[in-house]
Structures are given as C-alpha cells and as structure tokens.
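This report concerns only the one structure given below.
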Amino acid sequence: MQVLHVCSEMYPLLKTGGLADVLGALPTAQVAEGIDARVLLPAFPDILNGVSEPQVVTQRDTFAGHMRLLYGRFNGIGIYLIDAPHLYSRPGSPYHDANQYAYSDNVLRFALLGWVGAEMACGMDPYWRPDVVHAHDWHAGLTPAYLEARGRPAKSVFTVHNLAYQGLFYAHHMHDIDLPASFFSINGLEFYGQISYLKAGLYYASHITAVSPTYAREITDPNFAYGMEGLLRQRQEEGRLSGILNGVDENIWDPSKDELIHTCYSRDKLAGKVENKHQLQVSMGLTVNPKAPLFTVVSRLTPQKGLDLLLEALPEILEKGGQLALLGAGDAVLQEGFLAAAAQYPQQVGVQIGYHEAFSHRLIAGADVILVPSRFEPCGLTQLYGLKYGTLPLVRHTGGLADTVFDSSLENLSEGIATGFVFPDSDAHSLMCAIRRAFVLWSRPALWRYVQRQAMNMDFSWHVAARSYRDLYQHLM
Ligand code: ADP
C-alpha cells in the first residue's frame, strides 16, 4: 500500500509544535508495518537543506506560479518537496513573518501544497502513485478538495491535529486557486462567507481522524468545534470520524539513552533522575533541594494551554515549598507574568522564554511534575514525555490528556493504574486542588516512586498508532 502524507512540518527539519513530531515519527513506524509511506512538504529552507540529494521529478506552471517537484530522502523516508522559491524560500516560521503577521500569500502557498498532494494521485511522479493521500491540518486541507475535483483518484484521510487553526481566506480568492466555483458552498469549503481550508479537509476527505479518541468526540460539541460541530457530527454519524492516539518517538524520548540529558536513567534505576533534578535546579538558579517538588512547563504560551490558571495557582506551589521551571514562548502577557514571578521568587521560579529543543529534554528529565492545564488538548505530547521520564503529569481532563493520564485517586492507586494528577474544571481552584494532591503524594516517597514506575511502564509507541492507521486505510480501500 502506498501512502502520501501531505503536511507543512516534520521533526527535526522544521517544527513549530506537535504536528512536526507526528510527521517525524509516524511514516517511519508505517514503513516498519510494511506500508510504503512518503511525505510531501513545501521546500522551506530548513527542509530543503536537510533532505539529501533531492532530484527533480517534474516541473509545472500552476495557478501559484512555476514549481519543481523534487524527491530525496530523510531518515530513510522518501520526501517530495515542492520547490517554488517565490512562495517558500523564507527563513523562520513557515506561516508568518518575523512580526507574527501571516504571510499575505498563504492562500496560494498552501493551496499549492494541497494541489500537488492531489496531483500525486494523478501520476505527477510517473513511478510512484499513492493509494491513500493523508493530509494534516488546515495547511493541507485543500488536498481532499482537489482530489474531489479530479474525480477522487485516491482515498483521502484528513487528520485534525488542532481545530483552532482554520486557514480562512477571502471568498474572492476562489478565482486564484483553481477549484470549481461550485465548491464555494455550504456543502463545500465555504464557511460564513469565507474560504476555509480546514473545512475543505473536513468536508471532502474520505475519512477524518483526530489525534485522540476523546478529542474526536469533543469536536462534535460546540464548545470545542469553532462552528464545525454540525459538519463533524454529520461525519461522525456516517462513521467517517474517529480518533487515533499519537505516540512517542522512542528514538528521541527515552531516558535510558537520551544524550541531551545530564544522566540517563530508567524505571529500575531511578537514582539518575535525582542527578538531573540537581542540574536543573542549578541551571535555573533555584535553591538546590532534592526535597522540594519541582514542577515544570514546556509549552507554547497560548490561551489554549491554560497557563493563566497556573499563574493564579502559583502561590499554592510556592507556599508549600515547591518550585517551578518553565520553558515557553508566545503570548506577551503570559511571558511577562511568568518573568515577574521569577523576578519576585528567584529561588523558587525559573523561567526561560524561547524555544530550545535540548533544554526541553533536561526540564522533563529533571522535574518531578509536568503541568499541562490546557483548556483543550487534541492529544498533547509533553504529558506522554512526562510519563516516559517518570515526571508525573498534572493535567486537565480533556482531549488526549484524558486518554493518557490517570489520577492518583485512592481507587486508582489501589488498582495500580495511577500515573499522575487529573483535574476536571478549567479554573484555578480545580488546578489548585490537583496541586494539593500532588503535594500529598510527594510527602509519601514510596508511593510516589510506585506511581512513577506505573507511569514509566505505559506503552505509547508509534507502532500502535501505525497499525490503527493501516487498518483505517485498508477499510477505506
Ligand atoms: P502543541 O502541538 O499544541 O504545541 P504538543 O504537546 O502536542 O502541543 O506538542 C508540543 C511539542 O513542542 C512538544 O514536542 C514540546 O516538547 C515542544 N515544545 C513546546 N514548546 C517548546 C519550547 N519552548 N521549547 C522546546 N520545545 C517545545
């Protein structure tokens, strides 16, 4: 079976969030399952520089200008690149300029991605044609629409990694993107008078997946669906919406062989974790004290992540003698809030604003608890890393967080399934109650270690997800 992933990021070449982690790991796991999986990406500079010996497959003059299709390899995976320097040869974020403004030609940049995704199923590479085209998030949302316009030469899967980002463009752009005018309809890609690339994916795909079972249910609810609930409910009733949980790339995230952390450790040799905590406290300028529970956050700082609630609940951690080490970037108000807390309590709060891959490993290895108080969370990866590293996740009961972390309630402790702390409501009080529970468990070191081992025992390998996707593709074909 031949499968083409269409997307805009791939770890480690280019990453702005969890989407890249998924595309960095899933194709490899699929190849191991016997699927011929390849990836199509725009030739952003970081991607073009990372792919070895790209060869020209073909070239075309398109609605978005001239483009060459290149083919090379990365980490053993076949990569197609859309080489159109006038659209993609811009350093930094693939989506916006240095001032955070979305590029004004994004409508064409991502239409071309979708168009090439569909053309691949029509023989754009005469030697390799996908049976299934698998598009990810709004950037690739037009792929199923172009496939529809071409008479559905392949099955399509559209995966929602985050429904909050929609790819909305003015209606007049229908003249620019080479789709039939009739597609601009409520039964199509029209969304309140605009073009929605996300809706195109949701409407035209043969099947939609979300990145966790709970998120797949939540997005049929108006509170999570940004106006797409009607369409998503309909697709769910047709049996065309399901959830497949992401995995963890164990080549990158494994405390027993992670070269980015200070001391490697494992479930049976937890002593090494203490050394990582010591180093983290030193590097963050915190009081070096193995007895102070160290909470961490590694996150984009956006309203989604609920970190405003953490600012409210922070006194609870500090009064009880805990510490916080945060790595993140984004919302200016949140950045300032955490920086102010670090200035006020330098021995208890350490904050690093920015994006640092290696440092994120050291935080997750060194901390005792990883906080993910999200308002919504399609899957979430950092809580999975926390589980693997024996850094107990403290999460809100939503999306993939609800599917992967089990509260240390007395019932769960007695059944041997407790792996962290889960709170129900998106408010500071609910978060504070979970923080208190974490302190209670911390005061019983033997029980803490028991839960740590439970957490480290969980299996989130990509093979499980790869098999679920394979079953889905087979069902569609
Ligand atoms: P999202 O995709 O919504 O940002 P996920 O939890 O699915 O959230 O994935 C986030 C990914 O980005 C994880 O791999 C996490 O470690 C990483 N990450 C987030 N913020 C930072 C940061 N400031 N520095 C390094 N890595 C980060």
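The values are calculated or read from the model by the stated rules, or taken from the named source; none is laboratory data. In this text the structure is predicted, and so the values were computed from the model without any measurement. Virtual Cβ from ideal backbone geometry, glycine too; neighbours counted across all protein chains shown. What goes into the accessible areas is simple: the full protein's heavy atoms, side chains included, and nothing from ligands, DNA or RNA. Shrake-Rupley method; radii C 1.70, N 1.55, O 1.52, S 1.80 Å.
Heavy-atom surface analysis with a 1.4 Å probe gives the chain a carbon and sulfur content of 51 percent of its accessible area. 3J(HN,Hα) along the stretch 366-378: x, 7, 9, 9, 10, 9, 9, x, 4, 6, 9, 8, x Hz, from the Karplus curve 6.51 cos²θ - 1.76 cosθ + 1.60 with θ = phi - 60°, whole Hz, x for Gly and Pro. Of the peptides 309-315, 21-27, 179-185, the order by per-residue mean of other Cβ atoms within 10 Å, starting with the highest, comes out as 21-27, 309-315, 179-185.
Can you give me the Cα centroid spacing of the stretch 458-472 and the stretch 266-326 in angstrom? Distance between centres, Cα-based: 31 Å. Toward the positive end of the charge dipole of the stretch 400-472, with +1 on the Cβ of Lys and Arg and -1 on the Cβ of Asp and Glu, the farthest Cα among Ser414, Trp448, Ser430 is that of Trp448.
Roll a 1.4 Å probe over the protein chains and send me the accessible area per residue for the chain in Å².
That works out to 39 Å² per residue.
A prolate overall shape is assigned to the chain, the ratio a/c of its alpha-carbon gyration tensor axes (a ≥ b ≥ c) being 1.5 or greater and a/b exceeding b/c. One decimal place: the segment Lys320-Ser242 gains 23.8 nm when fully extended, by the rule 0.36 nm per residue minus the C-alpha distance. Amide hydrogen proximity for Ser374: with H placed 1.01 Å from N in the peptide plane, the residues at 5 or more positions away or on another chain lying under 5 Å are Arg396. 3J(HN,Hα) along the stretch 14-23, derived from phi through the Karplus expression 6.51 cos²θ - 1.76 cosθ + 1.60 where θ = phi - 60°, amounts to 8, 8, 10, x, x, 3, 5, 4, 5, 6 Hz, with x in place of Gly and Pro.
Note that the stretch 328-341 has calculated 3J(HN,Hα) couplings of x, 8, x, 3, 5, 5, 5, 4, 5, x, 6, 5, 5, 5 Hz, one per residue in order, obtained from phi through the Karplus relation 6.51 cos²θ - 1.76 cosθ + 1.60 (θ = phi - 60°); glycine and proline are x. Full extension of the chain segment joining Asp471 with Ser266 gains 70.5 nm, where the gain is 0.36 nm per residue of separation less the Cα-Cα distance. For Ala210, the residues whose amide H sits under 5 Å from its own are Val160, Ser242, Gly243, Ile244, ignoring neighbours fewer than 5 places away on the same chain, with H placed 1.01 Å from N.
Taking label positions 7 Å along the Cα-Cβ direction at both Asp61 and His173, the computed distance is 2.4 nm, reported to one decimal.
Rounded to the nearest 20, the size of the Cβ-charge dipole of the stretch 243-378 about its Cα centre is 280 debye, with Lys and Arg at +1 and Asp and Glu at -1. In terms of its C-alpha gyration tensor, the stretch 329-477 comes out oblate, because a/c is 1.5 or above while a/b does not outweigh b/c. Return, ordered by residue number, the residues of the stretch 267-293 whose backbone nitrogen is under 20 Å from a label point located 7 Å along Cα→Cβ of Gln347. Zone members listed by number: 277-293. For the stretch 301-368, the square roots a ≥ b ≥ c of the C-alpha gyration tensor eigenvalues yield an a/c of 1.5 or more together with a/b not exceeding b/c, which makes the shape oblate.
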